[in-house]
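Notes to accompany the following structure.
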Amino acid sequence: MSGWENYTRKMETEGCYKSAIVGHNGVTWAHTGGFRIREEEVAHVLEILKEDDMHELQSGFNVAGKPFAFIRGEFNYDDDYELTWFVGRHKRRGKLSEGVLIIVTERTVIFGVHNAAFTSKCFGNALLMTSRMAQGMIQKGF
């Protein structure tokens, strides 16, 4: 198991049943199970953030081939180790469905998927743990 896989396994212990760390170039560094993020999905997320295009983000985005609706996020465009992150819900008419947490570092995009029954407290724990992990990656130049 690579060092990056340790990060994705840690995300699983915090409630994300699927996770991946992908470079800005679309290359997967680590992932759980068959969870594969497409290169064009990473490029689309990064382009939205680069262009600061909230309208585009609010129209939705795809992760591993599934459409998600933007729910909320914090966007940082400074170089002070603050994180850019956002969350979305899978678009399924009339039913609760899985959500996604996305955190962007200098060189990676971190994805964590949680199930529909994920409570606010569980989500808060996953966001906190994943944010700490991402802060550590940023401090190491990732």
- Note on the structure: Scanning region 64-115 for residues that are more than 19 Å from Lys50 (Cβ to Cβ) and at pLDDT below 70, the one least open to solvent (accessible area, probe 1.4 Å) turns out to be Gly94
- Residue tally, condition among the small types (Gly, Ala, Ser), within 18 Å of Phe86 (Cβ to Cβ) and in contact with a helix residue (DSSP H, G or I) (Cβ under 7 Å, 6 or more places away or on another chain), over region 16-52: 2
- Message: Can you tell me which residue is surrounded by the most Cβ atoms within 10 Å (Cβ to Cβ) among those in region 9-53 that are of a type in the set (A, V, I, L, M) and assigned to a loop (DSSP other than H, G, I, E, B)?
- Response: Ile37
- Message: If Ser59 satisfies all but one of (1) modelled with pLDDT under 85; (2) in contact with a Leu (Cβ under 7 Å, 6 or more places away or on another chain), what's the number of the condition it fails?
- Response: (2)
- Only one residue in Gly15, Gly26, Gly33 is at positive phi and at pLDDT 85 or above. Which one? Gly26
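The values are calculated or read from the model by the stated rules, or taken from the named source; none is laboratory data. Computed from a predicted model, the values in this text were never measured in an experiment. Glycine also receives a Cβ, built like all others from the backbone with ideal geometry; neighbour counts cover every protein chain displayed. Side chains included, ligands, DNA and RNA excluded: accessible areas come from the protein's heavy atoms. Shrake-Rupley method; radii C 1.70, N 1.55, O 1.52, S 1.80 Å.
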